[in-house]
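Read the structure below first, then the notes.
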Amino acid sequence: RRSGQYTMNHDHSKKIPDGPSFDRSGSQDSLDELSMDDYWKELENIHETRGNNHEERVALVVKEPDEGELEEEWLKEAGLSNLFGESSGDSLESMVFLSTLTRTQKAAVEKRVETVTQTMRKKNKQHQIPDVRDIFRLQNDSKGKVCDGSEPSTVRTSENKNETHDGTKGNFSLGTDEQKSLLEDMSSSDTDINLEISFAEQAANLKDSSVGKMHKGAGGDTLLPNFRLPKDKTGTTKIGDLAPQDMKKVYSLALIELTALYDILGTEFKQQKAVKIKTKDSGLFGVPLSLLLEQDQKRVPGTKIPLIFQKLIAQIEETTLETEGLLRIPGVATRVKGLCQELEAKFYEGTFNWENVKQHDAASLLKLFIRELPQPLLTVEYLKAFQDVQNLPTRKQQLQALNLLVILLPEANRDTLKVLLEFLQRVIDHRDKNKMTLKNVAMVMAPNLFTFHGFGSKTIEQSEFVMAAGTANVMRFMIQYQKLLWTIPKFIVNQVRKQNTESQKKEKKDKAMKKLLKKMAYDREKHEKQEKTPNDTDVPQGVIRVQAPHLSKVSMAIQLTEELKAGDIVARFLSQKSGNVQTLKKEEVFLYEIGGNIGERCLDDDTYMKDLYQLNPNAEWVIKPKQS
């Protein structure tokens, strides 16, 4: 099926489909007529607003890619473009990267390289065309274990089930976790999300096992499971805790992992590609998010969320979140249109009078802002993948896919989505008064995030009811589990650590060679001095040196104990008060793990330092404020 160049047809929104014709078993939960009614009414309001729109929007054209083009794009996105094309010789860095992949991640890469290779051969491109088997032969020859504890490209064996990502015996053995993941979704109490083993590997194990028959959640169950993250002694890593160079690696790994997960579960994962269209280059509504932030940062440096978006949310909250039907009851269309034009003219001048804006109008403007973005908030690339989450077999897998998708969003989209979801949760917190439950809010917001002008697909028109229920469920998931979705899975952080270690080994070898050549030029004493590493300097075993340049006590040697946590170290420094240094509050400073096998990582207060020290013994430890 080709996703052609057509705008989604909204006339259907006027008619509410008859209940009986819809087979309820297709949707995750039984969604009562009332809440589905909210969805269709919202579509009707959207249609009405569009009808009144003075300038009709340009439909966004989604380009149908040529054969192999998608896969080529995918490899570029995954940072593996040097596996093919002119630069295919220069793939040492990619080799390091590939050596850290899990079995299922490798299979996903192999599949795409194979397609690109065949396409190139067909087109007879004058490039050096590698053979897939050659690319992976290098790793298969090496005996290194990959991060999920499996052997590189072979089926898992029982001998290595207790080995961790670095080949040492570790306490997060595959044995128990694997059995646990096999039984996942079988018992209602099993709501722990395992972040230590690759999601795709878990899915593969579940599929191979007779215990873990894939099955949908029970039809009548309208309550979402209370998923939680078991505490990780080396600290939970959130999006925003890592340095940009490591985040780039996280992005590549998340893309490969998501693709591997979809491959295992038999769901097609296709990134869409938008053709560039002419958009407004200034203003508030209908302006690309990146451009909007650029103009806002000139006014308020460091802005991460569009100012108009922040102001609209503040305006809605100012009245009270207890208003009945908040977000569901639309503002008056003509008034909203007038406000929209007035805001465009006066918002940045500061002359717009907010006192005249009624709460329902502000809510309508907020939704209008989201819909009018020239590209969807969930991006053209991933909107379809977000929609397809509803097709995955188990709730846990749906949550895992959403987690990876959130990591893949561009920073501006991700930050804006986070603020939106947090606001929606605050609305739901007042459900006793405003009658807006999680389900109602999801029903009303789904059409604003998922039905995107000019970005339709024929299947939407064929099975609107299933589509509506499905996207509303994805919306519910995003609101309900937003705290989990902004976590970077530990197995991915471990893969980043492994990549950094491998790259450092390579650099060390190069440096050693240079050093050898210079050696003759140095006198003995100087040479010995240079050999002394910072770790040898007066720091005994089991003690770390913590630096705190912003605090009155700038450095301290800390004895590691089993129970010592990152928060304890920060507290210890903050208790050393001194008059001449500006006092920083507990929530303003954090302990950072810097260097060794990670670029930089902000530690959560509950990180057990001895466990982390064993994972990264060459790191430096610095207390400093978090960069916004």
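The values are calculated or read from the model by the stated rules, or taken from the named source; none is laboratory data. Nothing here was measured: the structure is a model prediction, and the numbers come from that model. Please note: Cβ atoms are built from the backbone with ideal geometry, for glycine as well, and neighbour counts cover all protein chains shown. When the accessible area is computed, the model is the full protein with side chains, heavy atoms only, and any ligands, DNA or RNA have been set aside. Shrake-Rupley method; radii C 1.70, N 1.55, O 1.52, S 1.80 Å.
Key figures for this structure:
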read-out: Selected residue [within 24 Å of Leu70 (Cα to Cα) and of a type outside the set (Asp, Glu)] from Leu383, Leu421; value: Leu383
read-out: Among the residues listed as Ile329, Ile313, the single one being hydrophobic (A, V, I, L, M, F, W, C) and modelled with pLDDT of 95 or more; value: Ile313
read-out: Phe423 vs. criteria of a type in the set (Phe, Trp, Tyr), more than 23 Å from Lys273 (Cα to Cα) and assigned to a helix (DSSP H, G or I); value: yes
read-out: Which listed residue, of Glu42, Glu93, Glu110, is open to solvent by 40 Å² or more (accessible area, probe 1.4 Å), at pLDDT 80 or above and in a helix (DSSP H, G or I); value: Glu110
read-out: Flag if Lys358 is under 22 Å from Asn440 (Cα atoms) and surrounded by fewer than 18 Cβ atoms within 10 Å (Cβ to Cβ); value: yes
read-out: Top-ranked residue in the stretch 429-456 [being in contact with a Leu (Cβ under 6 Å, 6 or more places away or on another chain) and open to solvent by 10 Å² or more (accessible area, probe 1.4 Å); ranked as farthest from Gly325 (Cα to Cα)]; value: Phe455
read-out: Considering residues of the stretch 214-239 that are assigned to a loop (DSSP other than H, G, I, E, B) and under 29 Å from Glu110 (Cβ atoms) only, the residue modelled with the highest pLDDT; value: Ile239
read-out: Test set (1) crowded, with 16+ Cβ neighbours inside 10 Å; (2) within 30 Å of Glu93 (Cα to Cα); (3) at pLDDT below 90 - Gly599 fails condition number; value: (3)
read-out: Residues of the stretch 240-254 that turn out to be surrounded by fewer than 20 Cβ atoms within 10 Å (Cβ to Cβ) and outside any helix (DSSP H, G or I), as a count; value: 2
read-out: Flag for Tyr348 being of a type in the set (Phe, Trp, Tyr) and closer than 20 Å to Phe450 by Cα; value: no
